[in-house]
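Working notes for the structure below.
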Amino acid sequence: MNTALVTGASSGFGQAICRKLIADGYKVIGVARRADKLQKLADELGHKFCPLTMDVTKKDAVESILLQLPKDFQPIDILVNNAGLALGLEPAYQADYNDWQTMIDTNIIGLVHLTHQILPSMVERNFGYIINLGSVAGTYAYKGGNVYGASKAFVKQFSANLRTDLLGKKVRVTNIEPGLCGGTEFSNVRFHGDDAQAAKVYQGVEYITAEDIANTVSWLVNTPSHFNVNSIEIMPVAQAQAGLSVYK
Ligand SMILES: NC(=O)c1ccc[n+]([C@@H]2O[C@H](COP(=O)([O-])OP(=O)(O)OC[C@H]3O[C@@H](n4cnc5c(N)ncnc54)[C@H](OP(=O)(O)O)[C@@H]3O)[C@@H](O)[C@H]2O)c1
């Protein structure tokens with residue numbers, strides 16, 4: 001394993017994963033829409049980091065940009081499909097349709113674009129690793145989780161189906177399913193920039209950090225090539241599986 005491509009590299013998990021993989025000795029392509037944030041990371045990480053401004057929801061752009069990668073950063077051995085977001089926490093009957101569309105376009109369609117473009121080369125070389133960022137929301141329903149949870153259920157099942165199609169090939173797939181993680185832009189994005197509301201989510205909670213997720217990715221890619229972690233569910237000690245609520 002030599003080169004990784006990490007989507008959502010301008011913030012949170014993605015940024016921490018880029019830092020950790022570079023420290024581990026990999027070359028890393030970091031993808032996001034905000035060029036200024038990627039450039040700042042490039043200034044920090046140096047020549048082993050290749051910033052790539054790209055919107056994962058745009059199929060044509062993904063295809064053409066990936067075809068023009070610098071030679072030093074080809075082929076891609078590790079794909080970390082991390083770009084994603086939750087928008088809103090309203091019940092389904094009050095949700096904004098555009099929020100739903102954006103979550104589907106990013107969490108599902110974007111992840112599919114990258115995978116469809118990069119997987120064939122891994123299979124051709126019989127070598128590679130796809131790590132998807134799912135969520136506990138893909139397994140456990142919670143109030144207001146509607147389309148976000150469903151999009152992560154797609155990621156979970158797509159990861160399992162990839163494993164099935166890749167049986168007999170030396171290409172690994174893992175779905176990481178985190179619970180409450182703080183210190184990223186996730187809740188600020190969910191609440192459309194309402195930082196006070198976002199801060200409340202983490203008040204008084206010892207949450208998982210982006211570095212915890214980056215350390216998990218580092219562990220995964222450094223496991224032996226015969227070893228596949230199908231999925232890994234991670235929560236802070238302060239969180240547990242959702243209970244079954246009853247309305248009276
Ligand atoms: N934080 C949590 O509690 C938590 C828990 C479980 C799962 N997750 C999942 O983990 C992943 C990362 O979350 P995070 O907490 O690190 O969130 P974050 O800090 O908001 O980071 C999200 C990243 O995705 C990128 N992104 C969003 N839309 C994009 C697009 N259309 N094209 C390219 N990049 C795009 C953003 O960059 P630009 O805006 O610059 O494009 C940003 O770098 C997400 O998939 C999220 O669903 C998070």
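Is region 159-214 best put as rounded, prolate or oblate by its Cα gyration tensor, with a ≥ b ≥ c the root eigenvalues, rounded for a/c under 1.5, and otherwise prolate when a/b is larger than b/c, oblate when not? Prolate shape, in that a/c is at least 1.5 and a/b is the bigger ratio.
Each listed q (0.07, 0.13 Å⁻¹) maps to a log10 I(q)/I(0) for the chain from the Debye sum over equal C-alpha point scatterers, namely -0.22, -0.79. Considering only alpha-carbon pairs that sit under 8 angstrom and 6 or more positions apart, the relative contact order computed for region 3-234 is 21 percent. In the full protein context, region 3-234 carries 47 Å² of accessible surface per residue, based on a 1.4 Å probe and ignoring ligands, DNA and RNA. Solvent exposure of HIS116, expressed as accessible area, is near 140 Å², computed with a probe of 1.4 Å over the protein chains only. With respect to the chain, whose longest principal axis is taken over its alpha-carbon atoms, helix 146-165 is tilted by about 30°. For the chain, the longest principal axis of the C-alpha atoms and the axis of helix 210-221 are separated by about 40°. Sequence-ordered 3J(HN,Hα) estimates for region 61-70 from the Karplus curve with 6.51, -1.76 and 1.60 and θ = phi - 60° stand at 5, 4, 4, 6, 5, 5, 6, 9, 4, x Hz, glycine and proline given as x. Would you work out what percent of the accessible area of region 3-234, with all protein chains in place, is carbon or sulfur (probe 1.4 Å)? C and S fraction of accessible area: 53 percent.
Which shape class, rounded, prolate or oblate, goes with region 62-163 when its Cα gyration tensor gives a ≥ b ≥ c as root eigenvalues, a/c under 1.5 marks rounded, and past that a/b bigger than b/c marks prolate?
It comes out prolate by the Cα gyration axes.
Does region 10-100 come out rounded, prolate or oblate, given a ≥ b ≥ c as the square roots of the eigenvalues of its C-alpha gyration tensor, rounded meaning a/c under 1.5 and, failing that, prolate meaning a/b above b/c? Note, shape of region 10-100 comes out prolate. Annotation: amide H-H contacts under 5 Å for GLU233 (H modelled 1.01 Å from N, sequence separation of 5 or more, or interchain): GLU177.
Annotation for region 1-46 versus region 150-180: alpha-carbon center distance of 22 Å.
Counting only alpha carbon atoms, the long axis of helix 35-45 and the longest principal axis of the chain meet at about 60°.
Across region 18-32, coupling constants 3J(HN,Hα) worked out from phi with the 6.51/-1.76/1.60 Karplus curve, θ = phi - 60°, read 4, 4, 5, 5, 5, 4, 7, x, 8, 8, 10, 9, x, 10, 6 Hz, and Gly and Pro carry x. Between LYS170 and ASP24, the C-beta separation translates, for a Förster distance of 25 Å, into a calculated FRET efficiency of about 0.80.
In a reduced charge model with +1 at each Lys and Arg Cβ and -1 at each Asp and Glu Cβ, region 122-248 shows a dipole moment near 480 debye about its Cα centre.
Distant-in-sequence amide contacts of ARG172, defined by a placed amide H-H separation under 5 Å and a gap of 5 or more residues or a different chain, comprise GLY128, TYR129, ILE130. For region 3-234, a simple Cβ point-charge model (Lys and Arg +1, Asp and Glu -1, everything else neutral) yields a dipole of about 560 debye relative to the Cα centre. If the limit is 25 Å between Cα atoms, which of LYS143/LYS200; LYS27/LYS170; LYS40/LYS71 go over it? The pairs that break the limit, which is 25 Å between Cα atoms, do not exist here. Of the listed residues SER121, SER10, the order by accessible area with a 1.4 Å probe, largest first, is SER121, SER10.
The values are calculated or read from the model by the stated rules, or taken from the named source; none is laboratory data. Model, not experiment: these values are computed from the prediction. Counting neighbours? That spans all protein chains shown, and the Cβs are built from the backbone with ideal geometry, glycine included. Heads up: the accessible areas ignore ligands, DNA and RNA and are worked out on the full protein's heavy atoms, side chains in. Shrake-Rupley method; radii C 1.70, N 1.55, O 1.52, S 1.80 Å.
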